[in-house]
Amino acid sequence: MADHYLALVQEYWDTIVRAYMDFQEKKPVILLDIQAAKVYAYPYRGFMADLSPRSRKLLKLQYEEAIKKGQVVVFVRDNEKRKLVSYSFPLHDTTGPNRPAKKTGG
């Protein structure tokens, strides 16, 4: 079964990269809000503050690994299904993500 959220990230990839590059020096976390059809760039610590303790631990590990590898952490929020899924993708991939480097959440 194809990953619906990954397909949405692919669709918004150019906007995701632009949002990241606008705040590159801060190494933001990117949020794709499906219902709002918008992409947001958040400071890592600010984004983390809104998560549950378990999710904070997972984000910390994922974010640190992503930064080391030159990747961006992208969250996809689906309010209708009450899901928040995260991925890590290489920033240099100009064609967009074909496969997530890492997927968490559900």
* Asked: Considering amide H positions built from the backbone, and no H for Pro or chain starts, which residues 5 or more places from ILE34, or on another chain, come under 5 Å of its amide H?
  -> ARG77, ASN79
* How much accessible surface area, in Å² rounded to 10, belongs to the heavy atoms of GLU80 with a 1.4 Å probe? -> 150
* Structure fact -> Applied in sequence order to region 57-70, the curve 6.51 cos²θ - 1.76 cosθ + 1.60 (Karplus, θ = phi - 60°) yields integer Hz couplings, x standing for Gly and Pro, of 4, 5, 5, 4, 5, 5, 5, 4, 5, 4, 4, 4, 9, x
* Run the 1.4 Å probe and let me know the accessible area of LYS38, rounded to the nearest 10 Å². => 110
* List every residue whose amide H lies under 5 Å from the amide H of VAL29, counting only residues 5 or more places away in sequence or on a different chain, with H placed 1.01 Å from N in the peptide plane. => TYR42, TYR44
* To do: Report the extension gain between LYS68 and ASP50 in nm, rounded to one decimal, defined as 0.36 nm multiplied by the number of residues separating them, less their alpha carbon distance.
  => 4.1 nm
* To do: Enumerate the calculated ³J(HN,Hα) couplings along region 71-83 in order (Karplus 6.51 cos²θ - 1.76 cosθ + 1.60, θ = phi - 60°), each rounded to whole Hz, writing x wherever the residue is Gly or Pro.
  => 10, 10, 8, 10, 9, 10, 10, 10, 5, 5, 9, 6, 10
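The values are calculated or read from the model by the stated rules, or taken from the named source; none is laboratory data. All values derive from a computational prediction rather than experimental measurement. In case anyone asks, the SASA skips ligands and DNA or RNA and just uses the protein heavy atoms, side chains included. Shrake-Rupley method; radii C 1.70, N 1.55, O 1.52, S 1.80 Å.
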